[in-house]
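Read through the structure below, which is laid out as structure tokens, and then see the notes.
The values are calculated or read from the model by the stated rules, or taken from the named source; none is laboratory data. What you are looking at is a predicted structure, and each value in this text was computed from that prediction instead of being measured. As a convention, Cβ positions derive from the backbone with ideal geometry for all residues, glycine included, and neighbour counts pool all protein chains shown. Note: accessible area is taken over every heavy atom of the protein model, side chains too, but ligands, DNA and RNA are not part of it. Shrake-Rupley method; radii C 1.70, N 1.55, O 1.52, S 1.80 Å.
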Amino acid sequence: GWGWTQAKPRQMNVYHFKKGTEICNYSYSSKILSIRLNRQRLIVCLEESIYIHNIKDMKLLKTLLETPRNPTGLCALSISHSNSYLAYPASSTTSEIGR
């Protein structure tokens, strides 16, 4: 399982509930707005950046910095087993998506 709380809106904790242990925790520069995951990736969306983690070892694979302002944390992650596609607002003024 994973989670973040209103008390610590910049921190994500990942737990192994059957074992009752914490797998990892990450702190981010601003409030976590949304988290998406599939069998390959865990995505953490902040207002102006996105963090992409490998789900198997939780290592940070890529950081998308200075993304267009996204105050609602809008993003979508594909459920495909062969490819992980991420959609997020690529512009605050036009109708584009990043990939």
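Just a few scattered comments:
Every residue, every condition in (1) open to solvent by 70 Å² or more (accessible area, probe 1.4 Å); (2) touching a strand residue (DSSP E or B) at 6+ places or on another chain (Cβ under 6 Å); (3) among the acidic types (Asp, Glu), yes or no:
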{"position": "Glu22", "(1), (2), (3)": "yes, yes, yes"}
{"position": "Asn25", "(1), (2), (3)": "yes, yes, no"}
{"position": "Leu33", "(1), (2), (3)": "no, yes, no"}
{"position": "Arg36", "(1), (2), (3)": "yes, yes, no"}
{"position": "Cys45", "(1), (2), (3)": "no, yes, no"}
{"position": "Thr72", "(1), (2), (3)": "yes, no, no"}
{"position": "Cys75", "(1), (2), (3)": "no, yes, no"}
{"position": "Ile79", "(1), (2), (3)": "yes, no, no"}
{"position": "Ala90", "(1), (2), (3)": "no, yes, no"}
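- All conditions in (1) in a strand (DSSP E or B); (2) surrounded by fewer than 16 Cβ atoms within 10 Å (Cβ to Cβ) hold for Met12, with the sole exception of (2).
- Residues within region 54-63 that are free of Cβ contacts under 8 Å to residues at least 24 places away in the same chain and open to solvent by less than 80 Å² (accessible area, probe 1.4 Å), tallied: 4
- Pairs where the first residue, in region 6-26, is aromatic (Phe, Trp, Tyr) and the second is surrounded by 14 or more Cβ atoms within 10 Å (Cβ to Cβ) and assigned to a strand (DSSP E or B), C-beta under 6 Å, 6+ apart: Tyr26/Met12
- Residue selected from region 56-96 under the condition farther than 22 Å from Lys31 by Cβ and in contact with a Ser or Thr (Cβ under 9 Å, 6 or more places away or on another chain), by the criterion modelled with the lowest pLDDT: Ser84
- Scanning region 36-47 for residues that are touching a Leu at 6+ places or on another chain (Cβ under 8 Å) and either among the charged types (D, E, K, R) or at pLDDT 95 or above (or both) gives Arg36, Arg41, Ile43, Cys45, Leu46, Glu47.
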